[in-house]
Amino acid sequence: MCLFAVICLWGAHRAGLLQQGSNHSLPANRPSAAASPVVAESAPAATTPAVEPPKAADGFPLSASSLNDGDPSTFIALRYDKTRVLFRLGDEGDFGLEDPEQEKTFHPLPPQVAEYGGAPPFELEPAVFESVKQHYEVAHVGDQWQLEVSAGARVPVVIQKPIEMSWGCANNSFTAGFIAEVAPEFQAAFTASSQKYFLVHKSPPAAGSQPIMKPMRVAELTDWKPAPELLSQIEQTITTTIKDKIANDRGHRQDEVGGWKQFIAKTAEGDGKLTYEKQAFQLSPDGIPRVFVRARWMVDKDRALLMSFWLRVSTTIIVESGDAAGIQALWMEHGPAKEDDLTLSQLPTVLNAFDRPDGYGDVLIYSPGYEGYSIALYHYGDAGFSETGIAMGDGC
């Protein structure tokens, strides 16, 4: 009977911990945490044990990472079509034409299926390519590179053709890149994958091909849903974090022309509405979920504070500090009939996660900007998030 009771309690706890839920909208009068805590204690029943992440996607080999984040031959790749990716070579690939009239000879190619990543590619005439080929020396047609599809999933790709993309705001400004094709034996799995943003690097063919001999500790936890008690604590922490931001920035906001003073006053009185989304990841050997939150605090449908930040969700909920890895706050108001300006899409989003040899993970984050964007890779370690230097972006 004792054994039966233990099994029942374990089953109930596990079922509560792993429920799914990501989009939420709450009124302001929902109970919130005490003012200004960075750490909010969760209920004892809502403790979060280590979560075993899922295996790599079906059809991909599960292999250990060998990538050094400082490798200069690592680039962000975008899904081009069902079996191919494209990538730009970074700043060293930027170029202008000696004769700007040569641009008229560029052959437009179909655009990439990835939503983010800039202008569609062009193919160059052989004579034009000869004049700029020094910007393409990092790779050559027929080379085999390695594509990181997701955490634990790495497959070979073959460089297929050089391309160029328009870059920046100036005329005669281009950047070099390549289209690469997934090896035939993995094309069916790649076609079935929903991932659109990857890393590609110039590793030796054997690098990263060794099978994993221990459980992989990095993955997006797509099926993670906290128990009700823990979800309540998460929502309290989100609300408190936003209200702290409003209170701390109130000085210069109150001086601005417009209705921010009223926005701040109404928030202090308990008015407003919270809407948020969350993505959970396992990024460290401790097995504790790290949750990326995108939240909006709106008053009267015309002004909002949009915030994105990371939470470490265990027996306590900790707001990760720092300015990197998609942490952002936007004070926004919309023009006439433009409430769309206040959507969560204005905030950064996590595009993919990858494992690393140290047992920690990297996250690839897209950040929209005014007339531009950036996609950057961040490493999570003992001290939290740090920049890797692997990034791409465009804008004026």
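Every number here is computed from the coordinates shown, using simple stated rules; none is lab data. Predicted, not measured: the structure shown is a model, and the values here were computed from it. Ideal geometry is used to build each Cβ from the backbone, glycine not excepted, and the neighbour counts take in all protein chains shown.
What residues qualify as long-range amide H neighbours of Thr315, i.e. H under 5 Å apart, gap of 5 or more or another chain, H built at 1.01 Å from N?
Those qualifying (amide H under 5 Å, at least 5 residues apart or on another chain) are Thr48.
Enumerate the calculated ³J(HN,Hα) couplings along region 290-300 in order (Karplus 6.51 cos²θ - 1.76 cosθ + 1.60, θ = phi - 60°), each rounded to whole Hz, writing x wherever the residue is Gly or Pro.
10, 10, 8, 10, 10, 10, 9, 10, 10, 10, 6
Listed highest first by mean packing, meaning other Cβ atoms within 10 Å per residue, what order do 310-321, 344-355 come in? Each step should come with its number before you reach the end.
Details: 310-321: 18.8, 344-355: 20.6.
Ranking the peptides 310-321, 344-355 by packing returns 344-355, 310-321.
Please list 3J(HN,Hα) in residue order for region 108-116, calculated via the Karplus relation 6.51 cos²θ - 1.76 cosθ + 1.60 where θ = phi - 60°; whole Hz, with x for glycine and proline.
Along region 108-116, the couplings run x, 10, x, x, 5, 7, 5, 5, 9 Hz.
What are the ³J(HN,Hα) couplings of region 62-70, residue after residue, when phi is run through the Karplus curve with 6.51, -1.76, 1.60 and θ = phi - 60°? Round to Hz, x for glycine and proline.
8, 9, 7, 6, 10, 6, 8, 4, x
Quick query: amide H of Leu199 versus all other amide H atoms, modeled in the peptide plane; which residues come in under 5 Å with a sequence gap of 5 or more or a different chain?
When sequence neighbours closer than 5 places are left aside, the close amide H contacts are Ala77, Glu148.
Which FRET efficiency, nearest 0.05, do Thr316 and Ser345 yield, Cβ-Cβ r, R0 25 Å?
Step by step, r from the Cβ atoms, then E = 0.25.
Below 16 Å, Cα to Cα, which lysines can Lys225 reach? Residues fewer than 8 away in the same chain don't count.
Lys278
In a solvent-free Debye calculation with one equal scatterer on each Cα, what is log10 I(q)/I(0) for region 84-136 at q = 0.12, 0.16, 0.32 Å⁻¹, listed in the order of the q values?
Scattering profile of region 84-136, log10 relative to I(0): -0.30, -0.54, -1.37.
Please find the FRET efficiency linking Ala183 to Ala127, where r is the Cβ-Cβ separation and R0 is fixed at 30 Å, and quote it to the nearest 0.05.
Values: r = 32 Å, r/R0 = 1.06.
Once rounded, the FRET efficiency stands at 0.40.
Hey, can you rank 131-141, 289-299, 156-166 by average C-beta count inside 10 Å, highest first?
289-299, 156-166, 131-141
Using amide H atoms built 1.01 Å from N in the peptide plane, name the residues 5+ places from Asp358, or on other chains, whose amide H lies under 5 Å from its own.
Hits under the 5 Å cutoff: none.
Expressed in whole Å with the largest first, what are the equivalent ellipsoid semi-axes of region 74-201 derived from the C-alpha gyration tensor as the square root of 5 times each eigenvalue?
Listed largest to smallest, the semi-axes of region 74-201 are 26, 14, 13 Å.
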